[in-house]
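**Q** I'd like to ask you about the structure that follows.
Since every read-out is calculated from the coordinates, none of them should be taken as a lab result. Everything quoted here is computed from the prediction, not taken from an experiment. Note: ideal-geometry Cβ built from the backbone for every residue, glycine included; neighbour counts use all protein chains shown.
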Amino acid sequence: MYAENRGTLTRSRVFKVRRREPRYVSSVQVTLQRFLRFGPVVTRGLVLDISVRGMSALVCGMPQVGETVVIALPLPNISVEMLARVRHSSDAKSGFEFYPLSSMAQEGIQDFIRRLKQHEESMFPYAYSSAIKAGSG
């Protein structure tokens, strides 16, 4: 819930998510190769969240929406390079949609997401979910 300016509590606003896959929080360093008029430029960044279809990241130098970039993502067992399209970009963060991934890249990302999910579940166990259901009746 959020509080309006009068200090009263109101219902939370409805927020529609357009993503087809859930995203998982991460903080892995990433390298982005952009292809500009004067040649390729490599910049660095930090992944904020990732899914099998895309990711968002803090990137040095704001890429342009619609631009195609090469993302090098060093995962625990493998280093993956993939093509992605910039879906949105601002000074704060950029969102990327992956082009179809190679089987090796897809397996690497799926394994990484599986590990992130396990870590998330160990940090925030769902043991309290039955207590919430019992209290809401």
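**Q** Please work out the ratio of the alpha-carbon Rg of the stretch 25-125 to 2.2 N^0.38 Å and round it to two decimals.
**A** Values: Rg = 13.6 Å, N = 101, 2.2 N^0.38 = 12.7 Å.
It is 1.07.
**Q** Quick check: residue separation of residue 107 and residue 46 times 0.36 nm, minus the Cα distance between them. What number comes out in nm?
**A** Values: separation 61, 0.36 × 61 = 21.96 nm, distance 2.11 nm.
Computed gain between residue 107 and residue 46 is 19.9 nm.
**Q** Okay, moving on. From the phi of every residue in the stretch 22-34, what ³J(HN,Hα) in whole Hz does the Karplus formula 6.51 cos²θ - 1.76 cosθ + 1.60 yield, where θ is phi - 60° and glycine or proline is x?
**A** 3J(HN,Hα) across the stretch 22-34, in whole Hz: x, 10, 10, 5, 8, 9, 9, 5, 9, 10, 10, 10, 10.
**Q** Along the Cα→Cβ direction, 7 angstrom out, place labels at residue 35 and residue 79. What is the inter-label distance in nm?
**A** My value for the distance between the label points is 2.1 nm.
**Q** For a quick check: with amide H placed at 1.01 Å from N, whose amide H comes under 5 Å from residue 67's, ignoring anything fewer than 5 positions away on the same chain?
**A** 86
**Q** Sticking with this structure for a sec: Do any chymotrypsin sites (Phe, Trp or Tyr not before Pro) in the stretch 19-70 lie in a loop, going by DSSP, with at most 12 other beta-carbon atoms within 10 Å of their beta carbon, and if so which?
**A** Sparse-neighbourhood loop chymotrypsin sites (Phe, Trp or Tyr not before Pro): 38.
**Q** Over the stretch 25-125, what relative contact order in percent results from Cα pairs under 8 Å that are six or more residues apart?
**A** After rounding, I find 23 percent.
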